[in-house]
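Trainee: For reference, the structure I am asking about is given below.
The values are calculated or read from the model by the stated rules, or taken from the named source; none is laboratory data. These figures come from a predicted structure and were not determined experimentally. Quick reminder, even Gly has a Cβ in these numbers, built from the backbone with ideal geometry, and neighbours come from all protein chains shown. Ligands, DNA and RNA are stripped out before the accessible areas are found, and what is left, the full protein with its side chains, is counted by its heavy atoms. Shrake-Rupley method; radii C 1.70, N 1.55, O 1.52, S 1.80 Å.
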Amino acid sequence: MQWKNTPVLVTGCTGLLGSWLCKELINRKANVVGLIRDWVPKSVLINDGYIDEMNVVRGDIADFETIERVINEYEIEVVFHLAAQTIVEIANRNPLSTFESNIKGTWNILEACRRVPTLKKIIIASSDKAYGDQPILPYNEDMPLQGTHPYDVSKSCADLVAKTYHTTYGTPVCITRCGNFYGGGDLNFNRLVPGTIRTLLNDEQPVIRSDGSYIRDYFYVEDGVHAYLHLAEKMDDENILGEAFNFSNELQISVLEMVKKIISLMGKENIKPKVLGIAKNEIIHQSLSAEKARKMLNWAPAHTLDEALERTIEWYKNFFEET
């Protein structure tokens, strides 16, 4: 498909993935519409001036009338639904707002799209957390969705709702299941990668909430952007519609190993991480198989872990020098 002049809606457009995705869509000459609830002046989208090259609608993903109006009035053809409450610790503290954003927000998007004749493609951002705890790893797309904690459950539900709309109504939707996004522009400093980089730039001790042994699937944001765009382009093939895809570098790395790698890349070996061991209600071990995306979509990530972390560290160095 050609992105030039294509009307595209991005929800969650000031978030990490949303900002980078909007930048790339604007560079490809798409007509981008962004839904924004909270103004985030330091986000990549706003800080780099890309916000001035797109249409902005202020509103909440949980407000159906706003969603339906936007998709109708801008004659949207492609939707990237990224808006969500994404912080596990916050979800555990405030499950109702998490369910409101992540589940209701998803059915609002799908129902509004179902009613609009211009709509051609919808990509719903699920998560590796939707799989919950599984006895066998890595996760593959045929495994049941069985989240148990608030964030995980919200993603399992949203994922199933998306599948329902395709199965019942033929809604042209695909689902992405990715791990923990990282990269320049992530301003949620309670996340591992940006939090570790910021503390090391201040010559402070990085803090690990868990015991450090938790294994997570870390996915670089620029690889994520190209995965989403690549999937949207492949959705011209009707055989792709209704499918879920894992996107991953397929690396097995613990939280402690990730922190130590950042320490090494930043040349801060004299600083040791502080391990608190207080994390609760989180999945211990997660990893994704991207075999389906490789075979069905001919997709592969472009960056190694070290390359991506070096690019991320450089971004934060520049960011803190300017602020």
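Trainee: Name the helices (runs of 4 or more DSSP H) wholly inside the stretch 216-323 in which the number of residues that are touching a Ser or Thr at 6+ places or on another chain (Cβ under 8 Å) is 3 or more.
Mentor: Output list reads 221-234, 255-265.
Trainee: Out of GLU238, GLU322, GLU291, report the one residue that is in contact (Cβ under 8 Å) with a residue 24 or more places away in the chain, open to solvent by 70 Å² or more (accessible area, probe 1.4 Å) and more than 19 Å from the chain's Cα centre (by Cα).
Mentor: GLU291
Trainee: Out of curiosity, is GLU75 at pLDDT 95 or above, over 21 Å from the mean Cα position of the chain (by Cα) and closer than 27 Å to LYS29 by Cα?
Mentor: When the stated conditions are applied, GLU75 passes them.
Trainee: Let me ask another. Going through the stretch 200-231 one residue at a time, which ones are touching a residue at least 40 places away in the same chain (Cβ under 8 Å) and either in contact with a Cys (Cβ under 8 Å, 6 or more places away or on another chain) or among the polar types (S, T, N, Q) (or both)?
Mentor: GLN205, SER210, SER213, ASP217, PHE219, GLY224, ALA227, LEU231
Trainee: What is the residue count in the stretch 67-90 for residues that are out of contact with any strand residue (DSSP E or B) (no Cβ under 6 Å at 6 or more places or on another chain) and buried (at least 18 other Cβ atoms within 10 Å of the Cβ)?
Mentor: Total satisfying the criteria: 6.
Trainee: Confirm whether SER213 is hydroxyl-bearing (Ser, Thr, Tyr) and modelled with pLDDT of 95 or more.
Mentor: No: the conditions fail for SER213.
Trainee: Here's another thing I want to ask about it. As an exercise: evaluate ARG198 against (1) in contact with a Phe, Trp or Tyr (Cβ under 6 Å, 6 or more places away or on another chain); (2) surrounded by 22 or more Cβ atoms within 10 Å (Cβ to Cβ) and give the number of the one condition it does not meet.
Mentor: Just one mismatch for ARG198, condition (2).
Trainee: Something else now. Which one is farthest from the chain's Cα centre (by Cα) among residues in the stretch 25-58 that are modelled with pLDDT of 95 or more and part of a loop (DSSP other than H, G, I, E, B)?
Mentor: For the stretch 25-58, the residue satisfying everything is LYS29.
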